[in-house]
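Right, one structure below, let's go through it.
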There are 6 protein chains.
Amino acid sequence: MKSSSTILQFFLFYLSLLLSPAKPDPHPLQDFCVADRKTHRSFFVNGAPCINPNSTVSAHFATSALSKPGKTSGNPFGFNVTLTTTANLPGLNTMGLTMARVDIAANGIVPPHSHPRASEVTICLEGTVLVGFVDTLGRLFTQQLRPGDSFVFPKALIHFLYNLDSLKPALSLSGLSSQNPGAQIASMATFRSDPPLPNEVLRAAFQINENDISRIRRNLGG
Amino acid sequence: MKSSSTILQFFLFYLSLLLSPAKPDPHPLQDFCVADRKTHRSFFVNGAPCINPNSTVSAHFATSALSKPGKTSGNPFGFNVTLTTTANLPGLNTMGLTMARVDIAANGIVPPHSHPRASEVTICLEGTVLVGFVDTLGRLFTQQLRPGDSFVFPKALIHFLYNLDSLKPALSLSGLSSQNPGAQIASMATFRSDPPLPNEVLRAAFQINENDISRIRRNLGG
Amino acid sequence: MKSSSTILQFFLFYLSLLLSPAKPDPHPLQDFCVADRKTHRSFFVNGAPCINPNSTVSAHFATSALSKPGKTSGNPFGFNVTLTTTANLPGLNTMGLTMARVDIAANGIVPPHSHPRASEVTICLEGTVLVGFVDTLGRLFTQQLRPGDSFVFPKALIHFLYNLDSLKPALSLSGLSSQNPGAQIASMATFRSDPPLPNEVLRAAFQINENDISRIRRNLGG
Amino acid sequence: MKSSSTILQFFLFYLSLLLSPAKPDPHPLQDFCVADRKTHRSFFVNGAPCINPNSTVSAHFATSALSKPGKTSGNPFGFNVTLTTTANLPGLNTMGLTMARVDIAANGIVPPHSHPRASEVTICLEGTVLVGFVDTLGRLFTQQLRPGDSFVFPKALIHFLYNLDSLKPALSLSGLSSQNPGAQIASMATFRSDPPLPNEVLRAAFQINENDISRIRRNLGG
Amino acid sequence: MKSSSTILQFFLFYLSLLLSPAKPDPHPLQDFCVADRKTHRSFFVNGAPCINPNSTVSAHFATSALSKPGKTSGNPFGFNVTLTTTANLPGLNTMGLTMARVDIAANGIVPPHSHPRASEVTICLEGTVLVGFVDTLGRLFTQQLRPGDSFVFPKALIHFLYNLDSLKPALSLSGLSSQNPGAQIASMATFRSDPPLPNEVLRAAFQINENDISRIRRNLGG
Amino acid sequence: MKSSSTILQFFLFYLSLLLSPAKPDPHPLQDFCVADRKTHRSFFVNGAPCINPNSTVSAHFATSALSKPGKTSGNPFGFNVTLTTTANLPGLNTMGLTMARVDIAANGIVPPHSHPRASEVTICLEGTVLVGFVDTLGRLFTQQLRPGDSFVFPKALIHFLYNLDSLKPALSLSGLSSQNPGAQIASMATFRSDPPLPNEVLRAAFQINENDISRIRRNLGG
């Protein structure tokens, strides 16, 4: 079992990929606006400032970030998501989309989560993955994916991916409709926020007691 | 305690307000586009079709929908949200915003939830309300509101409102930046979807066992 | 009666709330982009620059700006509008909406005006208010509001609010679909601009003579 | 002098060009969406429905609507605006812009007005035209244009064009950033709406008396 | 060598995937708007009409369209692009993105082309692919991709993919930031339009003679 | 005949007008955001930074840039396009449109090109101009324009203008739906990029041989 600090580390590491100071996806207003990774420490906008366009080189539009499998053992869920971001792919800035590779250990899950700023289409490349999303009426739409199959997760709705195979990892590749989709895991956002949500809120929301809350928090690394 | 059918009813009723077949909030492309509540049964678009603009009357832009307190006793959380929609306020169609009144019983909560399509600013009109949201890094931002105080819930992030007063109801009025913000309660979307999420997913996501899952489902009306 | 300088002061004060150097309402491209109120003196963009997201605290999302009634006696119309802005509520930056409290003295009016960048929904909280807007075909849509009643003012169209009660002030709360709606009062923009519109333009536009122009300007504080 | 019915006719005719049932300017989501001028009588959306794309012909993208000078004598101001619309140029549908020719009689004006949904750049082709706009702080920005000179009117702000030449007509050509910009003349919207604005509102807004109101209304064709 | 009719067929087939009557990618204004593939024969909008949301099933969000390699021998370039569309994946409607699989024969190319409505990020899955785009200043940005490498093609700029391997096919997977990106191959649009571009235009644009034009047209299947 | 350096110069000069470091056309979020032409050397964003709004003067909204005919002899095609930009018209910043004058020598052409970020409506002012665009299905839509006639070029599709008159120049005025439309000439982008596209790509794309490529490059100024 993971220690809480490992899990917290995972949580922060995973999420740090998803929120960096400034990553825009408005319409491109010029051919490109290669993200300036130095400037943005001292100046922040709703979207990354760019480098001088005359300094742009081909490498700004290329990345190998998605070439290696992510480490799925660093969290209790058994998954890893690697995203293109304006940090590892600065030419992505203002382009309005993200690619992501999703590695899921045997029987691992990407737990129910939502992307505040993106729709997603995922294509299964390896393994057998059960995917699904819940709409605002509470209906679950679910499908079992085999290699080559794709599935849509509508914008900002809670969805999950579950590797049905108990022996082999699964691999999925996703496109997301924002340069900085963000992600919020429902169980982590409610039980592992910093500082924690008031117990009264969790008690009522999940109809559980104080012991349950403590136990879930602890098991999720708190 | 509420029976499951009452709660389900609440759930469906509450959410039915939030998703109707077609409610747009693009830029208005004409002065107005009063929602046609008859036509949209047979024809659906990403946004409501309009009536003939020559048939528009003042009443299309007016509603008393928010004038009466909502019934907070129909669910285990003790709250009620009443929204302006293109059903009760057809002139709202294409205008890009919604007003909502939030009634919360003594010590009741609006449980952690997100609006897939809107930011929200709420202003407390009566009572003492603890509000907060969790960002994608897991940080909780929270504040205690007294009448006249306002608070921002950024787009699509999980947030809650909790009536700190154990004797009196609270009242809050919100503006939301979409004509059809939608809402997804984290606990309901995960434990009360229809059909239910696979137990394997919930077990891993919340690090709980089958008994916990059954109990939470039951308590939430399942 | 007000002296012209008082009225001018009101005019500038009122409007200064509505235009500050840089207030964006694009889609949020990150969880939030808390407006940096210091930086924006030396650097201006179409929207406010943000503070370092690591410096964000809960107070950035909260304000009591709308808690106190505005002073309606500082202008000849008898009204006051108080808005949430990125100045008094920096967390509002990039969220795409504004809340406003509208105080109207007995028999006072919010004179015919338009918001260049926002639709508005107002809810009457106290008093009896006659509201209306004119569409681009010249049609007036009007309604009498009692507490709890709401009304829609479509984007950028001329509208007014008039307190029908000759004894008591009225109070209305509005949501607007932009973070910086702006406002332009038709009579003030035409008769009290700085410098003034050419008399030839006003003579023809209103079919009045030079004496009328001088008198209206003077009465409006010029 | 014009009779009131002539002026009203002008008013309605002029404005009828600006508001037709459904003209969108969202992003084009296909190569084109040629407006269906027959269908839109029975079905209305926030934007015009299209014809079957297989029926598209070159003529849908061409118009001679702007080739002839407009009649400037049909109104008390001495101007005429002719616009490309989805009625006279159906291929314009979804393209997000409009072209307009502005004819102004000797010493005529295009009276102070705003376009709720568009910025405008005008280029003077003939004559000497004084143009200007008022911002939301009440500042007037003005310029005298000679053939070849261009000027910007920011979105939804009140602006005017005045032909300084007392002998010859002027001609200007404008681009507007919406397919259906709309227009609202400040004096007409306030004094000639149908039904009229309450006298109390006009009295306070312009600080005039009942006689003034009647006279202005009458002179503007009421 | 291909006969002209085969090539034309390819051209039309390939492009027919890219333009179907109505495929929107505005912001989703509801949870989803599953494309109605029956209705859109008789009614066209800038974006597909939806089915009744109550009829939505999981299969609407799933497709195997990208699971099979495309036939690269049907055209002179040696490539095939298969896209998710609202036809093969109706739940994609309004979601604002597309996934595409790109098969390229040994030494085949995806010839210089642009997507009028989308940025693209491609990830190489098999083979060695030389990719590049030209900006509006005429600068070429190019990179050699190996499996796992990604590259950005900014919105609407001309780009190409070239399989450097003379023996083995290459495979790439792309995300595009529109539901209906469209595609225009520079050589085909100029030399194989229907009807053809005037020879005068091609002569001057490419500084070639009539014989060149005839030969190129013929070789491209004309 | 032009030497290659003259043509290159033209190419770079012409295109330098189209891409400057930062020119936004999002929704205006304030009355205006006059482009700061000094600041943008050291700081770049997806859109131009503004000057302090208090420093705005009328001249920022005016330009004579379009008053003089462009020199059509500096390139092999015989045309010149002059645009309003945030450089020559800083008040245009954030307004979402551009005006352009198009001068075409006798029998000259504006060669097939596309604007990555704009739709265009052109109005012929002098001469006889054959215009046309090709859609993504390869269909050509074409029309002959006489003074006063207008034509639509849909967003990002390849189009051309050809002066049919062998004796006299033609003049056209265009509105474009972006503040920085950009332009990519199909023949120049493929044969005159810097560095050049690989010969293999051109050979296959145009089905020509190495000699053809060299000749075309040379004739286009390479």
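Just a few scattered comments:
- For F:167-180, mean number of other protein chain Cβ atoms within 10 Å: 4
- Cysteine residues of the protein assembly as shown whose C-beta has no other cysteine C-beta under 4.7 angstrom: A:Cys124, B:Cys124, C:Cys124, D:Cys124, E:Cys124, F:Cys124.
- Most to least packed among A:64-71, A:183-190, C:80-87, F:213-220 [average Cβ atoms within 10 Å]: A:183-190, C:80-87, F:213-220, A:64-71
- Neighbouring Cβ atoms from other chains, within 10 Å of the Cβ of residues in E:59-70, number 5 on average.
- Heavy-atom accessible area for A:Glu126, with the other protein chains in place and a 1.4 Å probe, reaches approximately 90 Å².
- Averaged over peptide C:51-57, the number of partner chain Cβ atoms lying within 10 Å of each residue's Cβ comes to 4.
- Charge context of A:Ile213, other residues only, Cβ under 14 angstrom, K/R +1, D/E -1: +2
- Rounded to the nearest 20, the Cβ-based charge dipole of region E:170-222 about its Cα centre (Lys and Arg +1, Asp and Glu -1) stands at 120 debye.
- Degrees separating the helix D:210-219 axis from the principal Cα axis of chain D, which is the longest one: 50 degrees
- Separation of the alpha carbons by more than 20 angstrom is noted, of F:Lys68/F:Lys168; D:Lys71/D:Lys168; A:Lys68/A:Lys155; B:Lys168/C:Lys168; E:Lys38/E:Lys68, for A:Lys68/A:Lys155; B:Lys168/C:Lys168; E:Lys38/E:Lys68.
- For E:Ser55, the label point sits 7 Å beyond Cα toward Cβ; its separations from the matching points on the remaining copies run 2.3, 2.3, 5.6, 5.6, 6.1 nm, from shortest to longest.
- A 1.4 Å probe, protein heavy atoms only, puts the accessible area of E:Arg146 near 120 Å².
- Neighbours of F:Thr122, meaning other residues whose beta-carbon lies under 15 angstrom from its beta-carbon, give a summed charge of 0 when Lys and Arg score +1 and Asp and Glu score -1.
- Gaussian network model of chain B, springs between alpha carbon atoms under 10 Å - residue of B:Pro90, B:Pro112, B:Pro53 with greatest fluctuation: B:Pro53
- Computing FRET efficiency as 1/(1 + (r/R0)^6) for F:Asp165 and D:Ser166, where r is the C-beta to C-beta distance and R0 is 30 Å, gives about 0.20.
- The Rg/Rh ratio for region C:116-186, using Cα coordinates for both the radius of gyration and the Kirkwood hydrodynamic radius, is 0.97.
- Gaussian network model of chain F, Cα within-10 Å springs - most flexible of F:Pro154, F:Pro111, F:Pro28: F:Pro28
- Percentage relative contact order, chain B, counting C-alpha pairs under 8 Å, at least six apart: 22 percent
- Check: region E:97-206 dipole with +1 on Lys, Arg Cβ and -1 on Asp, Glu Cβ, in debye: 100 debye
- If you wrap the Cα atoms of region B:56-211 in a convex hull and average its projected area over all directions, you get 11.0 nm².
- Cα gyration tensor category, rounded, prolate or oblate, for region A:147-222 with a/c compared to 1.5: prolate
- For the protein assembly as shown, a simple Cβ point-charge model (Lys and Arg +1, Asp and Glu -1, everything else neutral) yields a dipole of about 0 debye relative to the Cα centre.
- Top of D:Gln207, D:Gln179, D:Gln144 by mean-square fluctuation, Gaussian network on chain D, Cα under 10 Å: D:Gln207
- For the protein assembly as shown: Kirkwood Rh in Å [reciprocal of mean 1/r, alpha carbons]: 31.6 Å
- Label separation (F:Asn199 vs D:Arg203): 8.9 nm, computed from points 7 Å beyond Cα along the C-beta direction.
The values are calculated or read from the model by the stated rules, or taken from the named source; none is laboratory data. Just so it is clear, the model here is predicted, and its values are computed rather than measured. FYI the Cβ positions are ideal-geometry reconstructions off the backbone, even for glycines, and counts take in every protein chain you see. The protein model used for the area step is the full one, side chains on, heavy atoms only, and it has no ligands, DNA or RNA in it. Shrake-Rupley method; radii C 1.70, N 1.55, O 1.52, S 1.80 Å.
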